[in-house]
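Okay, structure first, notes after.
Every number here is computed from the coordinates shown, using simple stated rules; none is lab data. Keep in mind the model is a prediction, meaning the values are calculated, not measured. Methodologically, a virtual Cβ is constructed for each residue, glycine included, from the backbone with ideal geometry; neighbour enumeration extends over all protein chains shown.
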Amino acid sequence: MPNLELFQTLAISLGLGLLVGLQRQHQNARIAGIRTFPIITVFGTVCAWLAQDFGGWMLAAGAVGTAAIVVVANLLQRTEKHIDVGQTTEAALLLMFAVGAYLVVGNTPVAVAIGASIAVLLHLKETLHKAIAKLGEEDLRAIMQFVVISLVILPVLPNRTFGPYNVLNPYNIWLMVVLIVGIGLAGYFAYKIFGGKAGTLLGGVLGGLISSTATTVSYAKRSKDTDQQKASNNLIALVILIASAVSVLRIVIEVSVVAPATLGKVAPPLICLLLLMAILIGLGFFIKKEGAGQMPEQQNPAQLKTALVFGAIYAIVILATAAAKDHFGESGLYIVAVISGLTDVDAITLSTSRLMNNRTIDLDTGWRVILVAALSNIAFKGGMVAILGSRALFGRVALLFGVSLVAGALIVWLWPEGFVLDWFGKG
């Protein structure tokens, strides 16, 4: 290794130690601070260098020595009146020794990311404690259920295809479940933080992240609530439109995760529809004069039953898509898109994205199928407003959704074939 690289590694090790030590010093940590942490981190780097020439026992001895320093420091603290029983600083010391060693034997960007993450995590102590104090039993249950869904069930599923058309892969199906539940859970916890205080814009955004259909149903029912009078029909229509716009943005995000190479072709028409809806939202804010109401109570999206239902819907859509393509060609996919979009646009989005990613279907057909499903979902939500909401609300939503549906249909019909936006990379 050239001397320049040696000094570069040493500088990174020293810098990471100083970063964490600065945070600990600011928090008045008794065991280690601005000097001890960089010394321990550099010590780890030097031990790793020595281990390359003299064997791994040098690194092991350094780790034992660092642990001994921590033990002695704790023993010396026993004579003080106020003892900090936390072990955060001690654990950080041992980890920074390992980070210093990993700079030599591992990947430098990873070591830097770990060191910086440690500093940020230590600094967010009060914020994290306050956030955890706000968690209720339902919130903890949501976290644990997501752990079961993502870290217990997913790893044990077979990663191979089964069934008719050889398209049902249990691992891939459940991976899409994890993705959708994860997006919903992020929106759910954002709601738990801002929920009661959420205004029009935030209420619609959180509703779109959790479930735009559920948000539409909840707010439509409120339009008939003559007792509370918390929000006007204009306000409710605006929240419903925002949630639907976020659901379109959510489609773009899902495609970017599942089939990033197709974004150059898939994203532009969807973004055009999104921009139109954003203009309608802007006009709605200009016209609206009422204050923002509170969001309706949201349900935990990480329930195992919900995950199983989505998994089943996704599997059915995959199978139906394969069957439609086999019997009717690519034109049959639009029928599946319309039917699937009535209940859940995520399933058809993910399944079509995988087909595009594998080049099983043409990209121009793929994004049109996804957009048709999104338009079907918007029409379905408009029907829910007609059934569950007031006539005044339906009139406003019908106007907003009608413009969106006409614009979406024109995009599907008139969008030029082969158009690719280089910002996203060519598909």
Only Lys, Arg (+1) and Asp, Glu (-1) charged, at Cβ; region 339-406 dipole about Cα centre in debye: 200 debye
The chain, Cα convex hull volume normalised per residue, Å³: 206 Å³
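Which whole DSSP H helices in the chain pass both tests: a Cα extent of 24 Å or more along the axis and a mean Kyte-Doolittle value no lower than 1.6?
Span-like helices here: 57-77, 88-105, 233-258, 263-287, 391-414.
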Extension gain from Leu135 to Ala11, taking 0.36 nm per residue of separation minus the Cα-Cα distance: 40.5 nm
For region 43-188, size of Cβ-based charge dipole, Lys and Arg +1, Asp and Glu -1, in debye: 160 debye
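Taking neighbour counts of Cβ atoms within 10 Å as a proxy for exposure, in what order, fewest first, do Cys47, Cys272 appear?
Final ranking by Cβ density, sparse to dense: Cys272, Cys47.
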Ranked Trp415, Trp57, criterion: other C-beta atoms within 10 Å, fewest first: Trp57, Trp415
Two-site label geometry, Val148 and Thr127: point separation in nm, points 7 Å out along Cα→Cβ: 3.1 nm
Equivalent ellipsoid semi-axes, region 3-131, via Cα gyration tensor eigenvalues times 5, rooted, Å: 26, 18, 11
The chain - mean residue ellipticity at 222 nm from DSSP helices (-39,500 (n - 2.57) per run, n ≥ 4, rounded to 500): -25500 deg cm²/dmol
Debye, to nearest 20: dipole size of the chain, +1 on Lys, Arg Cβ, -1 on Asp, Glu Cβ: 900 debye
Burial ordering of Ser13, Ser256, fewest other beta-carbon atoms within 10 Å first: Ser256, Ser13
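Using Cα pairs under 8 angstrom and six or more residues apart, how large is the relative contact order of region 136-424, in percent?
24 percent
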Over region 357-413 - Rg/Rh using Cα atoms and the Kirkwood inverse-distance radius: 1.14
C-alpha center-to-center spacing [region 332-411, region 104-126] in angstrom: 43 Å
Charge dipole (the chain, unit charges on Cβ, about Cα centre) - positive-most of Ile339, Ile12, Asn358: Ile339
Nonlocal amide H pairs with Leu168, under 5 Å, H built at 1.01 Å: Phe162
Of Lys134/Lys221; Lys221/Lys265; Lys192/Lys381; Lys130/Lys265; Lys224/Lys325, pairs whose Cα-Cα distance is over 32 Å: Lys221/Lys265; Lys130/Lys265; Lys224/Lys325
